[in-house]
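**Student:** I'd like to ask some things about the structure below.
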Amino acid sequence: MSDVIVVGAGVVGAACAYYAARAGLDVTVVDRGPVAGGTTGAGEGNVLVSDKEPGPELELALLSNGLWRELAETRGGFEFEPKGGLVVAETAEIQDRLTELARKQGVEHESVAAGALRNLEPHLADGLAGGVFYPQDAQVQPMLAAARLLRHGADSYGHGAVRLRLGVTVTGFVRSGDRVTGVRTDRGDILGGAVVNAAGTWGGELAALAGVSLPVLPRRGFILVTEPLAEPLIRHKVYTAAYVTNVASDSAALETSAVVEGTQAGTVLIGASRERVGFDRTTSVPVLARLAEQAVALFPALRGVRVIRSYCGFRPYCPDHLPVIGADPRAPGLYHACGHEGAGIGLAPATGHLLAQLLTGREPALDPHPFRPDRFPEEPR
């Protein structure tokens, strides 16, 4: 019997397991697929503060940013790049709005005049009105990050330990009275003192098995990957102001914005699209074409670069754009760590750290109330 069962071996589940083990808890991680087989494996690896509105998510992002840097120093092995992010403006009006947002955020930033943009990104297109540079923005390789967190958690520190149960599907919950005391799976029951729902986009479906409602919905996104380049073309994460608007949007319709960055492998990642179409994985050539067109408009030098593949994933969207973190009073013994939309990789360490504090009764690093699982209106039955 474990102290904690974490359902989901993506980066959020891995972070929950890692920090719970550091807090002295024995953890079993259960996933129906491989490590990082869901949304984590389809992510860009963003560790961003630049796209967060002032408020609880930005506070969580700042905590997580520091934890990622600490993990990079003490654990490493997941291609952490503190490259910074550059948000560019097409017009003077948009530049004014970006500057005002940065001021309200209160995070490290630098307004960049149009004439100084190429000091940061020599290959940017002509005609841009300026931008804002965020030095705290960073990138990780998300699949490596999840794997490394699980491996270091399994090393146990002489305190807690992490065990993996992959290829195991959760089919329900074990209860003692009203309390959740484990999970039922297609390989038998697994008992534990608490269960953490870190099932990402499928967090709502898992919650429903416990008889509680979480409005977590899939928001599909595509990414293009170019051939490896001999010389780095793009120095930072670069995106247009429309990306910030799309992140905060409630629309189910297709939205795209230029997001371009390089990787340590020499490839260039191109996004970003958002649309709510359920779990439809059908490749949309028009969407891919639009992403390529937007990337070339931002970096004309990409016109001669070949795209070698594309992939899609499903962001776990919540209506208020905040993740669900903490104990569920409707099902004692059940905790949630899901609903991060496109920010799960960046917010993973803070989520795991906060969950471990809540599981062990310690003072949380920040106020968990805005992320409480029962904040949504109950759906009629």
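**Student:** Please list, by residue number, every one of the trypsin sites (Lys or Arg not before Pro) in region 231-327 that is coil in DSSP and has at most 14 other beta-carbon atoms within 10 Å. Don't skip to the end; give the middle numbers.
**Tutor:** Details: sites: Arg235, Lys237, Arg274, Arg276, Arg281, Arg290, Arg303, Arg306, Arg309; in loops: Arg235, Arg276, Arg281, Arg306.
In loop regions of region 231-327 (DSSP not H, G, I, E or B), the sparsely surrounded trypsin sites (Lys or Arg not before Pro) are Arg281, Arg306.
**Student:** List the relative contact order of the chain as a percent without decimals, with contacts defined as Cα pairs under 8 Å and 6+ residues apart. Let's see the in-between values first.
**Tutor:** Working: 935 pairs, mean separation 92.2, N = 381.
Dividing the mean separation by the residue count of the chain yields 24 percent.
**Student:** Mind checking the dipole of region 212-333: about its Cα centre, +1 per Lys or Arg Cβ, -1 per Asp or Glu Cβ, Debye to the nearest 20? Could the numbers behind the result be given before it?
**Tutor:** Numbers: 13 positive and 10 negative charges, 34 e Å.
In debye, rounded to 20, region 212-333 gives about 160.
**Student:** Find out how many positive minus negative residues lie around Tyr243, taking Lys and Arg as positive, Asp and Glu as negative, among other residues whose Cβ is under 11 Å from that of Tyr243. Kindly include the intermediate steps, with their values, before the conclusion.
**Tutor:** Working: positive: Lys237, Arg274; negative: Asp51, Glu255.
Neighbour charge sum, excluding Tyr243 itself: 0.
**Student:** Note down the accessible area of Ile94, probe 1.4 Å, to the nearest 10 Å².
**Tutor:** Estimated to the nearest 10 Å², Ile94 gives 30 Å².
**Student:** Per residue, how much accessible area does region 124-245 show when a 1.4 Å probe rolls over the protein heavy atoms, in square angstrom? Numbers along the way, then the final one.
**Tutor:** Values: 4700 Å² over 122 residues.
Accessible area per residue, region 124-245: 39 Å².
**Student:** What are the residues whose amide H is under 5 Å from the amide H of Gly130, where those residues sit 5 or more places off or on another chain and H is modelled from the backbone?
**Tutor:** Ala89
**Student:** Which sequence of Asp26, Asp250, Asp51 reflects their accessible areas, 1.4 Å probe, from the largest down? Don't skip to the answer; put the middle values down first.
**Tutor:** Numbers: Asp26 55, Asp250 90, Asp51 20 Å².
Heavy-atom accessible area, descending, gives Asp250, Asp26, Asp51.
**Student:** Related question: Just to verify a number: what accessible area does Asp186 come out at with the full protein assembly present, 1.4 Å probe, Å² rounded to tens?
**Tutor:** The accessible area comes out at roughly 90 Å².
**Student:** Could you work out what % of the accessible surface of the chain is carbon and sulfur, using a 1.4 angstrom probe and leaving DNA, RNA and ligands out of the count? Display every interim value, and only then the final one.
**Tutor:** On the way: 7790 of 15210 Å².
Result for the chain: 51 percent of the exposed heavy-atom area is carbon or sulfur.
**Student:** Normalising by the residue count of region 1-72, find the relative contact order in percent from Cα pairs under 8 Å and 6+ residues apart. Provide the component values of the computation, followed by the final result.
**Tutor:** Details: 64 pairs, mean separation 19.5, N = 72.
Once normalised by length, the contact order is 27 percent.
**Student:** Next question. Sorting Arg175, Arg315 by accessible area (1.4 Å probe), largest first, what list results? Walk me through the numbers on the way to the answer.
**Tutor:** On the way: Arg175 100, Arg315 35 Å².
Result of the area sort, largest leading: Arg175, Arg315.
**Student:** List, in order, the whole-Hz ³J(HN,Hα) value for each residue of region 79-86 obtained from phi through the Karplus relation with A = 6.51, B = -1.76, C = 1.60 and θ = phi - 60°; use x for Gly and Pro.
**Tutor:** Values, residue by residue: 6, 5, 10, x, 7, x, x, 10 Hz.
**Student:** While we're here: Using a 1.4 Å probe and counting only protein heavy atoms, arrange Asp178, Asp367, Asp280 so the residue with the most accessible area comes first.
**Tutor:** Details: Asp178 120, Asp367 95, Asp280 65 Å².
Final ranking, largest accessible area leading: Asp178, Asp367, Asp280.
**Student:** Suppose every Lys and Arg Cβ carries +1 and every Asp and Glu Cβ carries -1, with no other charges. What dipole size does the chain come out with about its Cα centre, to the nearest 20 debye? Let's see the in-between values first.
**Tutor:** On the way: 35 positive and 42 negative charges, 196 e Å.
Computed charge dipole of the chain: roughly 940 debye.
**Student:** From the backbone phi of region 132-139, what are the Karplus-calculated ³J(HN,Hα) couplings (6.51 cos²θ - 1.76 cosθ + 1.60, θ = phi - 60°) in whole Hz, Gly and Pro given as x?
**Tutor:** After applying 6.51 cos²θ - 1.76 cosθ + 1.60, I find 10, 9, 10, x, 7, 4, 8, 9 Hz.
**Student:** Quick one: of the DSSP bridges fully inside the chain, what percent are antiparallel, nearest 5? Don't skip to the end; give the middle numbers.
**Tutor:** On the way: 47 of 71 bridges.
Percentage antiparallel, nearest 5: 65.
**Student:** Each residue of region 267-278 in order: what ³J(HN,Hα) in whole Hz does its phi give by Karplus 6.51 cos²θ - 1.76 cosθ + 1.60, θ = phi - 60°, with x for Gly and Pro?
**Tutor:** 6, 10, 9, 10, x, 10, 10, 9, 6, 9, 10, x
**Student:** Can you list residues whose amide H is under 5 Å from Gly182's amide H, if they're 5+ apart or on another chain and H is modeled 1.01 Å from N?
**Tutor:** Amide H neighbours of Gly182, under 5 Å, 5+ apart: Val174, Gly192.
**Student:** If you add up the charges near Ala113, with Lys and Arg at +1 and Asp and Glu at -1, over every other residue whose beta carbon is less than 15 angstrom from its beta carbon, what do you get?
**Tutor:** Overall, the nearby charge balance is -4.
**Student:** For the chain, modelled as a GNM with alpha-carbon contacts under 10 angstrom, which of Gly38, Gly200, Gly106 fluctuates the most?
**Tutor:** Gly106
**Student:** Next up: Just report the Cα centroid separation between region 33-78 and region 183-229, whole Å.
**Tutor:** With region 33-78 and region 183-229 each reduced to a Cα centre, they are spaced 18 Å.
**Student:** Hey, another quick one. Determine the per residue accessible area of region 6-54 with all protein chains present and a 1.4 angstrom probe, expressed in square angstrom. Mind showing how you got there, number by number?
**Tutor:** Numbers: 1130 Å² over 49 residues.
Heavy-atom SASA per residue in region 6-54 reads 23 Å².
**Student:** Rank Thr360, Thr282, Thr201 by mean-square fluctuation in a GNM of the chain with C-alpha springs under 10 angstrom and give only the top-ranked residue.
**Tutor:** In this elastic network of the chain, the residue with the biggest mean-square fluctuation among Thr360, Thr282, Thr201 is Thr282.
The values are calculated or read from the model by the stated rules, or taken from the named source; none is laboratory data. Everything numeric here is computed off the predicted structure, so don't read it as measured data. Positions of Cβ are backbone-derived with ideal geometry, glycine not excepted, and every protein chain shown enters the neighbour counts. Each accessible area value is taken on the protein alone, full model and side chains, heavy atoms only, with ligands, DNA and RNA left out. Shrake-Rupley method; radii C 1.70, N 1.55, O 1.52, S 1.80 Å.
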